[in-house]
Amino acid sequence: MSGRPRGRASRRSPGPSSSRNRTVAGLDRAKDTFNMKMDIDPDMLSTHKIQDSLLSSNNRFSDYRGIFNWCIIMLMLTNLHMFLDNYIEYGLVVDLGQVLYHFLKDPYSWPATYLILASNVFVVAALFFERWQEWDYITESTGKVLEIGNLAAMLLFPAAVILHESTSLSVGGSVLALIVYTVTALKIYSYHEVNSWFRQGIQTSSGTGVKNESEQEWVLYPKNLTTGNLYYFLLAPTLCYQLNFPRNVIIRKWFLARRALEIILLSQLMIAMIQQVSLSFVPFLITSQTKEGCEMDMTAKIKHVMELVAPNNFIWIILFYWFCHSVLNFMAELLKFGDREFYADWWNSDNLNRFWTTLNLPFHKWSMRHVYRPLLMQGFPQWQAQVIVYMVSAALCEYVIAIPLEMFRFWIFATIVLQAKMTLLLGRFSSGNYGNCLVWLCVLVGPPIAVLTYLHDYYMLNRESNAWSLY
């Protein structure tokens, strides 16, 4: 036992230095492992957290540009499909020259044009009434009577002419003339009110504007009672009068050219769609007066209404962009008018009240300034003042539509009043995404029903003559 070689024994039981080396090597490996773990991204260790799905109502995600583009493409393809079906069955019936003749009716007399030009008589009368009150030729109370009489005559005169000369005036020309008279009446009312505030000392500020070297001098009351000041307001894309409007410095020619091109192209597109699509509803109008039409299943009637949804709303969207963006911006650029807020994000409205408010901001500002707030100051509750604003809007729409068609059915008036009631009843229960869906449902279904109703009644009154042609 004592004679065993030491070298072999040393290999079997390492000495203290060998154990120390192994311990150091193990510590180095642990240190390297620890350092490697410290370099790992924390997201690799934990990939889950509390969060809602992207389309959940609790999620605040709001970028739906891709879905919006998809909806636009689907809407265009749907209308293209309906247009092709209509073209296969009826052929191409688009005739833009026929539309121009429909508006003018008689190229040598142009009755609608003369009727529009006659509105200048009431405009000049309004200017003289303001001057007479400022010069103390008439009292304030006498001026109020004259102003109310002038506004009443401004609305009654074109209606009487259209109803008396219905054979000389086309429906399109009559609608255009009444729109011009209605807008002018709203502007003149605002003109009288603001000047009255200055005379009575209620208003002391002359309005906000941008003063620069290219602009005219700052206008103060009563130096605003001039023809140029009044006609600038009449041509400006606003219904609310003030002495000094915000003005831009230059006219952007490229911007003006783009708006002009949009006005021309979109107007032709709207006319073409109306002409081509309208023929598909003539058989339904004819069938509705037969025994077969009276016994028509409710499903078939709903089908005809649904067929109007896509083209009707596509035309309304084009009309909105054409007028509220292209036309109003074109006029504002020509006049260097600085306030271009003609509409807001009405497509995001969660109730009908906000929809109508944001769709037409010029009328909203006018109604708030001259109807809603004065009613509140007189002690009316908010809901009553809101209903009165709806009724004024409904009455003006019925005035523009019913008189040219010579049909006093009050469908538009009833529709708008019904929407006011729905706003008051459902506004408390529907909001957010659900409210927006309800708004879109009313917008998609309501106008087609109104259009089909007016088409039906107009056809019934004129089916025995050629006057029932839509264009």
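Computed from the coordinates by the stated procedures, all read-outs in this text should not be read as laboratory data. These numbers were taken from a predicted model, which means no experiment stands behind them. When we count neighbours, we look across all protein chains shown, and the Cβ atoms used for this are built from the backbone with ideal geometry, even at glycine.
Numerical summary
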read-out: Contour excess over end-to-end distance, with Cα ends at Ile388 and Thr227 and 0.36 nm allotted per residue; value: 54.7 nm
read-out: When each of Lys253/Lys336; Lys187/Lys365; Lys253/Lys365 is checked by Cα-Cα distance, pairs over 19 Å; value: Lys253/Lys365
read-out: Pair Met331, Ala260: separation of 7 Å Cα→Cβ label points (nm); value: 1.8 nm
read-out: Theoretical gain in end-to-end length, Gln378 to Phe157 [0.36 nm per residue, Cα-Cα removed]; value: 76.4 nm
read-out: Efficiency of FRET from Cβ geometry, Trp218 and Arg409, R₀ 45 Å, rounded to 0.05; value: 0.35
read-out: For Phe337, residues with placed amide H under 5 Å, excluding near neighbours; value: Asn248
read-out: Length gained when the stretch Asp52-Ser166 is fully extended (0.36 nm per residue, less Cα-Cα span); value: 34.8 nm
